[in-house]
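Notes to accompany the following structure.
The values are calculated or read from the model by the stated rules, or taken from the named source; none is laboratory data. Bear in mind that the values here come from a model prediction, so they are computed numbers and not experimental data. Note that each Cβ is placed from the backbone with ideal geometry, even for glycine, and that neighbours are counted across all protein chains shown.
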Amino acid sequence: MAGTDVKRVVEAVWRIEAARLIAGLARMTHDVGLAEELAQDALVAALEQWPESGVPDNPGAWLMAISKRRAIDHFRRRERFDRKVEELGRDLETAHTPDFDAAVEDIGDDMLRLVFTACHPVLSTEARVALTLKVLGGLTTEEIARAYLVSESTVAQRIVRAKRTLADRRVPFEVPGGAELPPRLASVLEVIYLIFNEGYTATAGDDWMRPALCEDALRLGRIVAELVPREPEVHGLVALMEIQQSRSAARVGPSGEPVLLLEQSRARWNRLLIHRGLAALERAERLGGAQGPYALQAAIAAVHARARSAEETDFIRMADLYGQLAAVAPSPVVELNRAVAVAMAYGPEEGLKLVDELMAEPALRDYHLLPSVRGDLLAKLGRKDEAGAELTRAAGLTRNARERELLLERVRAL
């Protein structure tokens, strides 16, 4: 196999195995930062050796065996070899052929521990996102920087600080239990959904969407759902992401321009993802989680998914669901979305009343969707001058070039 082909194979294997490899090493070393360094060392070894020796039959186990040997070397240098070798397995020092099967045991528990550690609330939101994409998503620092339109050094600093914080605070590499589990799980789901949302509607830059981030978030959500199958909100989040992701192909026009939901060709919606999303939603409801925030948002998305056309959408049902969401997870953004649903169900006048009540809300002062929604409702009521002013203000607030052009096009259309 040519060197370039081996490099591509190594990169593909790394994408698949990185999270499991780091998770297993973190369990052994109790240090996420060290675990990632050891995994990177194994990756370098693969890049050096596989072009000559060929790709092993079980590349993940090969990487784990190399990493464990490097871990033993590390602890020997730190004069703790005897104690740590007992934890890692003395057989690696004497055996000619590593036990590859044993090298990847308990991988599900290790992955779950890594998820909870990378998303620990002791870290800032930016640090949690960066560390999760690095150790669980398998992304490079450069890829994360490119996705979030920040410098590579900024991302690297966030990751270094995150690892240092976990070490300094002695955050245990474990799955929380009892009363600690719900808030910790909420932190995990928040990080995954933040990643998804940044891919689904980019906050800044020239692209309307960043599909790779959506795919990473969806993959992480599916992993967590497999690891904690009895937690309804996990399935609610997966349902929400599956259904939203089903519209991706229809959300972008031929030139990359945004296509709004009610204007999309539903023939381009991915029916497999919709089916998966509805199944995940049903599972969340069956587990008693129908009133969870993510499950309610998934139920709202399902109203769109079940309608054969925009005109057949059950907006009365949607407005009711937004009312339920506002009761369990109140926020100005939820109220703004509820206003849109109310406008579609009962007319733009009713929606505008709710939007006007939000105009003084401090959290929405620089939120471009507030004047965008208000401008749209004013336009439907024939108040074109006011609508144009609101849409122009919205265009000035958004940092996404595609969205800005869409808003200015709506102003010109008035």
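Quick one: Leu149 ticks every box in (1) farther than 15 Å from Ala23 by Cβ; (2) modelled with pLDDT of 90 or more; (3) in contact with a Ser or Thr (Cβ under 9 Å, 6 or more places away or on another chain) bar one, so which box is it?
Unmet condition: (2).
Please go through the stretch 312-336 and give me each residue that is among the polar types (S, T, N, Q) and crowded, with 19+ Cβ neighbours inside 10 Å, ordered by number.
Thr313
What single numbered condition from (1) farther than 20 Å from Ala12 by Cβ; (2) surrounded by 15 or more Cβ atoms within 10 Å (Cβ to Cβ); (3) modelled with pLDDT of 85 or more fails to hold for Lys84?
Of everything listed in (1) farther than 20 Å from Ala12 by Cβ; (2) surrounded by 15 or more Cβ atoms within 10 Å (Cβ to Cβ); (3) modelled with pLDDT of 85 or more, Lys84 misses just condition (3).
Restricting to the stretch 167-189, what's the tally of residues that are free of Cβ contacts under 8 Å to residues at least 40 places away in the same chain and of a type in the set (Asp, Glu)?
Residues flagged as free of Cβ contacts under 8 Å to residues at least 40 places away in the same chain and of a type in the set (Asp, Glu) within the stretch 167-189 amount to 2.
Does the stretch 4-24 hold any residues that are within 13 Å of Trp50 (Cα to Cα) and among the acidic types (Asp, Glu), and which are they?
Within the stretch 4-24, Asp5, Glu11 qualify.
Suppose we keep only residues that are surrounded by fewer than 21 Cβ atoms within 10 Å (Cβ to Cβ) and acidic (Asp, Glu) within the stretch 6-44. Which one would you say is nearest to Asp57 (Cα to Cα)?
Checked the stretch 6-44; the qualifying residue nearest to Asp57 (Cα to Cα) is Glu11.
I'd like the full set of residues that are surrounded by fewer than 18 Cβ atoms within 10 Å (Cβ to Cβ), touching a helix residue (DSSP H, G or I) at 6+ places or on another chain (Cβ under 7 Å), within 16 Å of Leu260 (Cα to Cα) and of a type outside the set (Lys, Arg), limited to the stretch 370-414.
Listed by number, the list holds a single entry, Leu408.
If you go through the stretch 360-379, how many residues are in contact with a Leu (Cβ under 9 Å, 6 or more places away or on another chain) and farther than 14 Å from Leu407 by Cβ?
4
Given the options Tyr346, Tyr367, name the one that is modelled with pLDDT under 95 and among the hydroxyl-bearing types (Ser, Thr, Tyr).
None of the other options fit; the residue is Tyr367.
For the stretch 167-190, indicate whether the set of residues that are within 19 Å of Ala225 (Cα to Cα), outside the structural domain of Gln244 (by TED's automatic domain parsing) and touching a Gly at 6+ places or on another chain (Cβ under 9 Å) is non-empty.
Yes, because at least one residue in the stretch 167-190 is within 19 Å of Ala225 (Cα to Cα), outside the structural domain of Gln244 (by TED's automatic domain parsing) and touching a Gly at 6+ places or on another chain (Cβ under 9 Å).
Please state which one of Gln291, Gln244, Gln297 is assigned to a loop (DSSP other than H, G, I, E, B) and outside the structural domain of Leu407 (by TED's automatic domain parsing).
Result: Gln291 is the single residue among Gln291, Gln244, Gln297 that is assigned to a loop (DSSP other than H, G, I, E, B) and outside the structural domain of Leu407 (by TED's automatic domain parsing).
Just the residues that are in contact with a helix residue (DSSP H, G or I) (Cβ under 6 Å, 6 or more places away or on another chain) and among the basic types (Lys, Arg), please, taken from the stretch 198-221.
Arg210
Based on what the data block shows, is Leu237 at pLDDT 95 or above and within 27 Å of Ser372 (Cβ to Cβ)?
For Leu237, the condition - at pLDDT 95 or above and within 27 Å of Ser372 (Cβ to Cβ) - is met.
Going through the stretch 322-338 one residue at a time, which ones are more than 18 Å from Ala301 (Cβ to Cβ) and hydrophobic (A, V, I, L, M, F, W, C)?
The answer is Ala327, and nothing else.
Would you confirm whether or not the stretch 258-278 contains a residue that is basic (Lys, Arg), over 20 Å from Phe315 (Cα atoms), in contact (Cβ under 8 Å) with a residue 12 or more places away in the chain and assigned to a loop (DSSP other than H, G, I, E, B)?
Checking the stretch 258-278: not a single residue is basic (Lys, Arg), over 20 Å from Phe315 (Cα atoms), in contact (Cβ under 8 Å) with a residue 12 or more places away in the chain and assigned to a loop (DSSP other than H, G, I, E, B).
Looking at the structure I just gave you, is Val224 assigned to a helix (DSSP H, G or I) and under 10 Å from Ala280 (Cα atoms)?
Criteria not met by Val224.
Exactly one condition in (1) modelled with pLDDT of 95 or more; (2) in the same structural domain as Arg251 (by TED's automatic domain parsing); (3) of a type in the set (A, V, I, L, M) is not met by Ala310; state its number.
(1)
For the stretch 161-172, give me each residue that is in a helix (DSSP H, G or I) and out of contact with any helix residue (DSSP H, G or I) (no Cβ under 8 Å at 6 or more places or on another chain).
Asp168
Got a sec? Which of Ala341, Ala326 is free of Cβ contacts under 8 Å to residues at least 24 places away in the same chain and either assigned to a helix (DSSP H, G or I) or more than 22 Å from Ile274 (Cα to Cα) (or both)?
Testing whether each residue is free of Cβ contacts under 8 Å to residues at least 24 places away in the same chain and either assigned to a helix (DSSP H, G or I) or more than 22 Å from Ile274 (Cα to Cα) (or both) leaves just Ala326.
In the stretch 158-183, which residue that is surrounded by fewer than 16 Cβ atoms within 10 Å (Cβ to Cβ) and either of a type in the set (A, V, I, L, M) or modelled with pLDDT of 95 or more (or both) is nearest to Val234 (Cα to Cα)?
Checking each candidate, the answer is Leu181.
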